[in-house]
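Quick notes on the structure that follows.
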Amino acid sequence: MENDRLAIFEGPTGALHLEVKGYQFPDVPNDEWDSNWLIITADAVLDGKSWHFRDPCLTTFELQRLAGWLDQVAAGTAEQNFCGFTEPNLDFERVSDVSIRIGLSLEALPPWANQGGDLVDVGFEVPIGEQLKTAAASLRRFLSKFPVRATDRC
């Protein structure tokens, strides 16, 4: 089933179907950063309009952190309300006890959103519940195919 290959986030006004296509630099196995950048593709919908993006906007260790954060939010045990990344294309924020907000900016923006060149952030809310656990499990499946390499971080 194709949905087994996706991390799916759906809410009343938007959706994000995310997939990891591979390492950005598959032939660089021993550099802390370059070894761990992942090519992310996504189909997104916001207020009935859809678009697709592809960008190396997450690292393996950021994907790992996001999976853990989603599980914690779903269980009601998250100590942090925000999960952001080195490249600010995507971010996740718990906005209430019942929902998170997925923010999209830069290369993840819909083509109609960035007309003036300013930093724009659009997003949508997703209910907290089983879908977050399912998405976290999907992210871990990606990590089993594309594990963290070279972890020399200080």
Next item on the list: Those residues that are part of a strand (DSSP E or B) and under 15 Å from Thr134 (Cα atoms), I need them from the stretch 1-21; list them, please.
Entry: Ala7, Ile8, Phe9, Glu10, Ala15, Leu16, His17, Leu18, Glu19
Checklist line | Residue list for the stretch 22-75, restricted to those being in contact (Cβ under 8 Å) with a residue 24 or more places away in the chain and in a loop (DSSP other than H, G, I, E, B) | finding: Gln24, Pro29, Asn30, Asp31, Glu32, Trp33, Ser35, Asn36, Asp47
Note to self: Need the failing condition index for Thr86 against (1) assigned to a loop (DSSP other than H, G, I, E, B); (2) touching a Lys or Arg at 6+ places or on another chain (Cβ under 7 Å), just the number.
What the structure shows: (2)
Check: Listed residues Thr13, Thr59; which is buried (at least 17 other Cβ atoms within 10 Å of the Cβ) and among the polar types (S, T, N, Q)?
Finding: Thr59
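Every number here is computed from the coordinates shown, using simple stated rules; none is lab data. Just so we're clear, the structure is a prediction, and the values are computed from it rather than from any experiment. In this analysis, Cβ positions are derived from the backbone assuming ideal geometry, glycine residues included, and neighbour counts consider all displayed protein chains.
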